[in-house]
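Below is one structure; the comments refer to it alone.
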Amino acid sequence: MLEVLLILLFLMTSIFSFLDKTNILQNQYYSFNRFLIYQKQHPLKLIYKLTIIVLSILLSFINRFFIILMPLINLTYKRNKIKKIKFTKRIIRQFIIYIVLNLFNIIFLMFLKEKIYIYIIIYNLIIYWISFIVSIFIEQIILCINIKKAKNKIKQYNVKIIGITGSFGKTSCKNYIYELLKDKYQVLMTPKSYNTLNGLLLTINLYLKPYHEIFLAEIGVDKINSMNKYFKIFNFDVGLITTIGKQHLKTFKSIANIAKEKNKLLEHSLNVVINLDDPLISSPHSYKNKMTFSVRNNIDADIKLNVIKQEINNTLLELKINDCLYQTTTILLGKHNISNLAAAISVAKLLNINDDYIVNTIRYLKNVPHRLSLIYQDGLTILDDSYNSNLIGFINALDVLNNANNMKILITPGIIETNKDHYQDNLLAQKINDICDLPLLIGKPTFKDLVNKKLEFDCFLDAYKYVLKNFKNKDVTLLIENDVPDIYLK
């Protein structure tokens, strides 16, 4: 009877183990290396779990009842502050595999009479990884099927493909291009921030129709040679790099590797759009069919877009298309978004969109949610820049906040996925000290000790509740500068 209870106990707690590990892996992009990095960043949790495992094994030799200590290793699940697990089709498939293996385990246990508690301990430690390995094999089969299906649809429909990559600004640029093209062409784009191969294949297989003329493909790469898999499937009619920066340095190792990988898109495209303001992007002289742009008055650019005046809720622009000069306004905020807009205009001109249409459309373009968008929520004026913080975007967001004529509050954990950088830390801290009346820091940003007048919080919700309690319906502007809006701002 005791064995049966122990089996049931461990089967129940193993589900918590599945959810815990899957939650971490899902939010670390299904990378085993990043899972290990997560474990290293939480050494106390790892030591705690290992201690429970060792105690359970040692004490179970005295009395098997001590095996009930083992479930304690999974009690950290409910305290996990990573975003809640999403039950995608992949997670459901993996969970089914996990359950099947557990059912096999129950049958096996029925015939195991001795040292059952030791077996359960060992099994509980490895069952998830067995199911994960089986799941990877099945996902590869599904990927091959999806690749073949997508290639057939693209060939059959003869759709033009515009590839958009870069360290920052891919999603915003993609949305601006869509708005500039949608009235002349039938356009399909990857939804939200889908930028993986699976995301592109899913979009094509589910949503690409015979009437579509253009497919906007947002392409994310995070390691050397990760761009190559796209060239085996897609022939790019237009290639665009928004900008190149220090994103995913842990996997790329150097900014030179990032530049080399991103520039491959231009090398494999019939037409290219080149940001002349970024020296890491290939020289335009290497390409015959090209359109160039600049937001820094580069005289060689085909498209020049300059900020004349920036306010908290709109921006006055001067646009020069070849030799034609126009003035217009936009509600887009931040100089980095103006650069993304210039890139989108360049694509539009490559595809023969009329100048007047471009100038008029710019007036109504909206920032993509969580990318320096101005919203009014909970009695607060909020600059929501909560997605994918980087140095340039952070500085530009602070410049927009500086245009506010009231109290300025900042909530940030700093720049995610970055190592300590003294130049960056000093630059951000000085900017925060000059502009913000009240900085609310989450966790331990690398520039924490350099910021004055700060308050510190363990998580975003605590900081946000503090703002609501003390400043709701008052004359303040709140900048949320962070990473992953699904965690922090609904």
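The values are calculated or read from the model by the stated rules, or taken from the named source; none is laboratory data. Remember, predicted model here, so these are calculated numbers, not experimental data. Note that each Cβ is placed from the backbone with ideal geometry, even for glycine, and that neighbours are counted across all protein chains shown.
Checked against (1) on the phi < 0 side of the Ramachandran plot; (2) over 20 Å from the mean Cα position of the chain (by Cα), His336 passes all but condition (2).
This table checks each residue for (1) outside the structural domain of Thr328 (by TED's automatic domain parsing); (2) β-branched (Val, Ile, Thr); (3) crowded, with 21+ Cβ neighbours inside 10 Å.
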residue	(1), (2), (3)
Thr381	yes, yes, no
Asp384	yes, no, yes
Asn405	yes, no, no
Asp434	yes, no, no
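From the list Ile308, Ile281, the one residue that fits, being assigned to a loop (DSSP other than H, G, I, E, B), of a type in the set (A, V, I, L, M) and in contact with a strand residue (DSSP E or B) (Cβ under 7 Å, 6 or more places away or on another chain), is Ile281. For the range 276-288, filtered to residues that are at pLDDT 90 or above and farther than 22 Å from Asn228 by Cα, the residue that is surrounded by the most Cβ atoms within 10 Å (Cβ to Cβ) is Leu276.
Search the range 197-215 for residues being part of a helix (DSSP H, G or I) and hydroxyl-bearing (Ser, Thr, Tyr), and hand back the single one that is farthest from the chain's Cα centre (by Cα).
For the range 197-215, the residue satisfying everything is Tyr207.
Residues of the range 124-163 that are touching a residue at least 40 places away in the same chain (Cβ under 8 Å), part of a helix (DSSP H, G or I) and among the basic types (Lys, Arg): Lys149, Lys151, Lys153.
Annotation: of all residues in the range 348-369 being surrounded by 13 or more Cβ atoms within 10 Å (Cβ to Cβ) and modelled with pLDDT under 90, the one that is farthest from Tyr176 (Cα to Cα) is Pro369. So is Lys246 surrounded by fewer than 23 Cβ atoms within 10 Å (Cβ to Cβ), under 16 Å from Thr165 (Cα atoms) and touching a residue at least 40 places away in the same chain (Cβ under 8 Å) or not? Against the criterion (surrounded by fewer than 23 Cβ atoms within 10 Å (Cβ to Cβ), under 16 Å from Thr165 (Cα atoms) and touching a residue at least 40 places away in the same chain (Cβ under 8 Å)), Lys246 qualifies.
Matching residues to (1) surrounded by fewer than 18 Cβ atoms within 10 Å (Cβ to Cβ); (2) within 24 Å of the chain's Cα centre (by Cα); (3) part of a helix (DSSP H, G or I):
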{"site": "Arg371", "(1), (2), (3)": "no, yes, no"}
{"site": "Leu410", "(1), (2), (3)": "no, yes, no"}
{"site": "Gln424", "(1), (2), (3)": "no, yes, yes"}
{"site": "Ala429", "(1), (2), (3)": "no, no, yes"}
{"site": "Leu440", "(1), (2), (3)": "no, yes, no"}
{"site": "Lys444", "(1), (2), (3)": "yes, yes, no"}
{"site": "Leu461", "(1), (2), (3)": "yes, yes, yes"}
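Does Leu206 satisfy the condition of being surrounded by fewer than 15 Cβ atoms within 10 Å (Cβ to Cβ) and modelled with pLDDT under 95? Yes, satisfied.
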